[in-house]
1. Here is a list: V74, V80, V89. Which entry is aliphatic (A, V, I, L, M), in contact with a Gly (Cβ under 9 Å, 6 or more places away or on another chain), within 27 Å of T232 (Cβ to Cβ) and surrounded by 13 or more Cβ atoms within 10 Å (Cβ to Cβ)?
2. Here is a check on your reading of the model: is E137 among the charged types (D, E, K, R), modelled with pLDDT under 95 and part of a helix (DSSP H, G or I)?
3. I need the helices (runs of 4 or more DSSP H) fully contained in segment 159-236, keeping only those with at least 3 residues that are in contact with an Asp or Glu (Cβ under 8 Å, 6 or more places away or on another chain) and within 18 Å of V128 (Cβ to Cβ).
4. Consider L107 carefully, then state whether it is of a type in the set (A, V, I, L, M, F, W, C), assigned by the TED database to the domain that holds E170 and either more than 16 Å from the chain's Cα centre (by Cα) or surrounded by 15 or more Cβ atoms within 10 Å (Cβ to Cβ) (or both).
5. Could you tell me whether V31 is free of Cβ contacts under 8 Å to residues at least 40 places away in the same chain, β-branched (V, I, T) and in a loop (DSSP other than H, G, I, E, B)?
6. Among the residues of segment 144-154, are any more than 19 Å from E213 (Cα to Cα), open to solvent by less than 20 Å² (accessible area, probe 1.4 Å) and polar (S, T, N, Q)?
7. Go through segment 199-212 and give me each residue that's open to solvent by 30 Å² or more (accessible area, probe 1.4 Å) and either touching a Leu at 6+ places or on another chain (Cβ under 6 Å) or outside the structural domain of A133 (by the TED database) (or both).
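The values are calculated or read from the model by the stated rules, or taken from the named source; none is laboratory data. This structure is a prediction, so every number in the text was calculated from the model and none was measured. Every residue, glycine among them, receives a Cβ derived from its backbone with ideal geometry; neighbour counts consider all protein chains shown. Side chains are part of the model used for accessible areas, which takes the heavy atoms of the whole protein and leaves out ligands, DNA and RNA. Shrake-Rupley method; radii C 1.70, N 1.55, O 1.52, S 1.80 Å.
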Amino acid sequence: MVSDERGMTGEFSAIAADRGRLGRTSAAQRVAELLCEHITEGRLAPGTRLSEEALGEALAVSRNTLREAFRLLVDQRLLVHELNRGVFVRVLRPEDVADIFTLRLALELVGVRSAPHAAPQRMAAVRVALANAEAAEERGDWVAVGTADLRFHQAIAALAGSERIDDCMERLLAELRLAFGAVSDAQALHEPFLRWNQALAGLLESGARDDVEVELTRYLDDARRVIVNAMTETTG
């Protein structure tokens, strides 16, 4: 059926009436992305209370924009709203960590299996992330090592060349950083896994796909166990 362009105004009048919301939604999305980045980079720790007044002043945005940004991040499981207390960066539970690592393993294994056919720039991103981790280690910046670790594994999943996998991993990164927050000693958490990342990168470069799959599975299982044990010790 051919549409009559003369009827478009009437057909979409309800949508047109909402066009004023676009600016606010866009601003809220930008604020949400900024807060998500700060969580991913480890600058907003689990349990941090997000003050509307302080953040509104810092970002020069309205409370309505902030509240919409908070809502978006609550939907992404990064924030929680507690009645009469405010909005907080989420503190994960052991079952959250187990769920996140189950999905993470599935996505990264697809990347490993796609590595022989991956675009050169995607393999280059693996090397860059590892180099960033090593540089951060030399500076003694273990929070930055953790960020580079996240980017390294994001790059492994990206070897699949799938936009949907890339999007899913991007959303997972901030949750993974919240999981890191369960371990108080960042160096104790990240140093052994940096060594493991170096080994994984070497196996990827050599084309030993089966060995990478085995080591990656062991790596993620061990990381999950370390984080869950730390959570159990804290709550116990």
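1. Numbers: V74 fails: in contact with a Gly (Cβ under 9 Å, 6 or more places away or on another chain); V80 fails: in contact with a Gly (Cβ under 9 Å, 6 or more places away or on another chain).
Going through V74, V80, V89 in turn, just one is aliphatic (A, V, I, L, M), in contact with a Gly (Cβ under 9 Å, 6 or more places away or on another chain), within 27 Å of T232 (Cβ to Cβ) and surrounded by 13 or more Cβ atoms within 10 Å (Cβ to Cβ): V89.
2. No: the conditions fail for E137.
3. Numbers: elements: 163-180, 186-206, 209-235.
Answer list for segment 159-236: 186-206.
4. yes
5. Numbers: free of Cβ contacts under 8 Å to residues at least 40 places away in the same chain: yes; β-branched (V, I, T): yes; in a loop (DSSP other than H, G, I, E, B): no.
In short, no.
6. Yes, segment 144-154 has at least one match.
7. Matches in segment 199-212: D211 only.
Residue by residue, here is whether (1) within 26 Å of V183 (Cβ to Cβ); (2) crowded, with 17+ Cβ neighbours inside 10 Å holds:
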{"site": "T40", "(1), (2)": "yes, yes"}
{"site": "S51", "(1), (2)": "no, no"}
{"site": "R63", "(1), (2)": "no, no"}
{"site": "L66", "(1), (2)": "no, yes"}
{"site": "F70", "(1), (2)": "no, yes"}
